[in-house]
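Just below is one structure, and these are the notes that go with it.
The values are calculated or read from the model by the stated rules, or taken from the named source; none is laboratory data. Predicted model only: the values in this text are computed from it and were never measured. Cβ placement follows ideal geometry from the backbone for every residue including glycine, while neighbour counts extend to all protein chains displayed.
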Amino acid sequence: MLDSVLLALFLPCLGMSAVFIVYMCLLWYATNHHSDPALPAKPVSDTGISPSQLDKLPRITGKDLLMGNECAVCLDEIGTEQPVRVVPGCNHAFHLECADTWLSKHPLCPLCRAKLDPSLFSSSQNPC
Ligand SMILES: [Zn+2]
Ligand SMILES: [Zn+2]
């Protein structure tokens, strides 16, 4: 009689322990295998433009500006002698430093958010 009572108490405990061990194993497996895809999730388009790629973008001076002379990054006026970076495609212009700082973090036009075409960087310096 006592044996069966002990057994009745022991079996659920054993079951609980087994469930607990399986749960811990699953948790360990999940943490070990979930950490991998969480890290490199950054899409390529979110990384900015490298300095060498920035060099390939059109660069003019303030007096060559065709439309507007206000920099949308710092909201300051672009002087006629200041270096200006033009975003290819939408042709928006910004101070060279303002545009390069922004573009090194985001591959977009700071004003209209037009994406910079990656082919601009690969095709412009063909050796032939
Ligand atoms: Zn500026
Ligand atoms: Zn633009």
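Data overview
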quantity: Filter result for the condition that a residue is within 13 Å of ligand 1 (Cβ to nearest atom) and either at pLDDT 95 or above or under 27 Å from the mean Cα position of the chain (by Cα) (or both), over Asp55, Asp100; calculated: Asp100
quantity: Residue that is surrounded by the fewest Cβ atoms within 10 Å (Cβ to Cβ) [pool: residues in the range 76-85 that are assigned to a loop (DSSP other than H, G, I, E, B) and over 28 Å from the mean Cα position of the chain (by Cα)]; calculated: Glu81
quantity: In the range 68-104, the residues that are over 25 Å from Pro118 (Cα atoms) and within 14 Å of ligand 2 (Cβ to nearest atom); calculated: Gly68, Glu70
quantity: Flag for Phe94 being more than 15 Å from ligand 1 (Cβ to nearest atom) and among the aromatic types (Phe, Trp, Tyr); calculated: no
quantity: In the range 59-75, the residues that are surrounded by 13 or more Cβ atoms within 10 Å (Cβ to Cβ) and part of a loop (DSSP other than H, G, I, E, B); calculated: Leu65, Asn69, Cys71, Ala72, Val73, Cys74
